[in-house]
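Trainee: Have a look at this one.
The values are calculated or read from the model by the stated rules, or taken from the named source; none is laboratory data. Computed from a predicted structure; not experimentally measured. Note that we place each Cβ from the backbone using ideal geometry, even for glycine, and neighbour counts take in every protein chain shown.
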Amino acid sequence: MGESKGKIAVLTSGGDAPGMNAAVRAVVRTGIARGYEVYGVRRGYNGLLNKEIFKMTFHDVSEKLQHGGTFLFTARSAEFNEDAGKQKAAKICKELGIETLIVIGGDGSFKGARDLSKYGVNIVGLPGTIDLDIDYTEYTIGFDTAVNTAMEAIDRIRETSNSHERVSVVEVMGRSAGYIALWCGIANGAEQILIPEKFDNDYDKLISIIKSNREAGMTHQVVVNAEGIGHSYGLAKKIEEATGIETRATILGHMQRGGSPTARDRVYASVMGAYAIDVIEQGKKNRLIGYKDGKVYDVDVYEAFDMKKDINAYEYEVAGILGTRCE
Ligand code: F6P
């Protein structure tokens, strides 16, 4: 064994997402293979402040790749949110000789990482959230698995909805973004998709379409409702009262966050985890890793926060055409 190239720590933060374990595994194994010492931090930024930090070996990440969740645990930290918390975290990294902190998490976790970098810790971010709501990247770890999980659930709901000739409102996660809802809307052939980026709050129009669909012979209908719009139970009641069609609401909730990651989430998380180590080796500072035009890439953390993305307008249009009865 040659001399260590330096110390890297890795943590998972914010809501867990299937594929986070694959990313940690890739960071640990690639880091060790390239001559770094890699440390795991338990319980996110909270754990960093409490020095829950341990040196990791190649074997510590065995049998992790195929499991959802995060074996490093995750937590939200009020203390780290404060500037004093970030200064304390930077001091701990310095004391332990940790030059780079790899943060696997969502937007909120990246804001924390960006602000920590001001105190001299090099940060590298890997996007881990089922919501896909990070602007600089086309892909986030966990989205694919969550969409597949929700899709399977909605297929089941459609079967019972069909038997009972009902309307089913199904609420999917996504915080204030509609990516999961849009994808499920297309994948499940939903008759209606309500997403915060597009829905105009015209519930009268929604109800009149549901009514005319029924008159045109649709025995049952599925409305995929994004969490960002919410109020699914109230919406179901409103639809039932206005149309006379029996209507039920289901909120899929945290089941969307669990489960074995899909091949796509395992592969992309692994590639991004390895790429994070490449970026460190190249001497780059304060980078976020993502996918752009289908390829893994890295971007400066400040530039990343200036980037904007939106729901794919064409996908939304297609979803509307495919879900609307037109003869
Ligand atoms: O960001 C992932 C996510 O699952 C969102 O879709 C949802 O709004 C939120 O986390 C739920 O957070 P919690 O696990 O704290 O209830």
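Trainee: For residue 92, only one of the following conditions fails: (1) within 16 Å of the ligand (Cβ to nearest atom); (2) part of a helix (DSSP H, G or I); (3) farther than 14 Å from residue 300 by Cα; (4) not charged (D, E, K, R). What is its number?
Mentor: Unmet condition: (1).
Trainee: Moving to a separate point now. Is one or more of the residues making up the stretch 181-204 within 30 Å of residue 298 (Cα to Cα), touching a Lys or Arg at 6+ places or on another chain (Cβ under 7 Å) and modelled with pLDDT of 95 or more?
Mentor: No: zero hits.
Trainee: Between a residue in the stretch 109-131 that is touching a residue at least 60 places away in the same chain (Cβ under 8 Å) and assigned to a helix (DSSP H, G or I) and any residue that is more than 16 Å from the ligand (Cβ to nearest atom) and of a type in the set (D, E, K, R), which pairs come within a Cβ distance under 9 Å, given they are 6 or more apart or on different chains?
Mentor: That search, which allows pairs on different chains as well, returns 112/86; 117/285.
Trainee: Take the residues of the stretch 284-327 that are among the small types (Gly, Ala, Ser) and buried (at least 21 other Cβ atoms within 10 Å of the Cβ): which is modelled with the lowest pLDDT? Lay out the reasoning, then the answer.
Mentor: Kept after step one, since they are among the small types (Gly, Ala, Ser), are these residues of the stretch 284-327: 290, 294, 304, 313, 319-320, 323.
Next, only the ones that are buried (at least 21 other Cβ atoms within 10 Å of the Cβ) stay: 290, 304, 319, 323.
Numbers: 290: 98, 304: 98, 319: 93, 323: 84.
Checked the stretch 284-327; the qualifying residue modelled with the lowest pLDDT is 323.
Trainee: Ok, one more. For residue 212, are the conditions met, namely being in a helix (DSSP H, G or I), modelled with pLDDT under 95 and either within 18 Å of the chain's Cα centre (by Cα) or more than 16 Å from the ligand (Cβ to nearest atom) (or both)?
Mentor: yes
Trainee: From the residues in the stretch 114-148 that are over 22 Å from residue 310 (Cβ atoms) and crowded, with 24+ Cβ neighbours inside 10 Å, which one is nearest to the ligand (Cβ to nearest atom)?
Mentor: 145
Trainee: Hey, another quick one. Looking at (1) surrounded by 19 or more Cβ atoms within 10 Å (Cβ to Cβ); (2) within 13 Å of the ligand (Cβ to nearest atom), which is the one condition that is false for residue 196?
Mentor: Going through the list (1) surrounded by 19 or more Cβ atoms within 10 Å (Cβ to Cβ); (2) within 13 Å of the ligand (Cβ to nearest atom), residue 196 breaks only (1).
Trainee: Now for a separate question. Report every pair of residues separated by at least 6 positions or lying on different chains whose Cβ atoms are under 6 Å apart, first residue within the stretch 251-278 and more than 18 Å from residue 12 (Cα to Cα), second at pLDDT 95 or above and assigned to a strand (DSSP E or B).
Mentor: 251/171; 252/172
Trainee: Applying the selection to the stretch 266-283, what residues are of a type in the set (A, V, I, L, M, F, W, C), surrounded by fewer than 24 Cβ atoms within 10 Å (Cβ to Cβ) and closer than 11 Å to residue 126 by Cβ?
Mentor: 271, 274, 279, listed by residue number.
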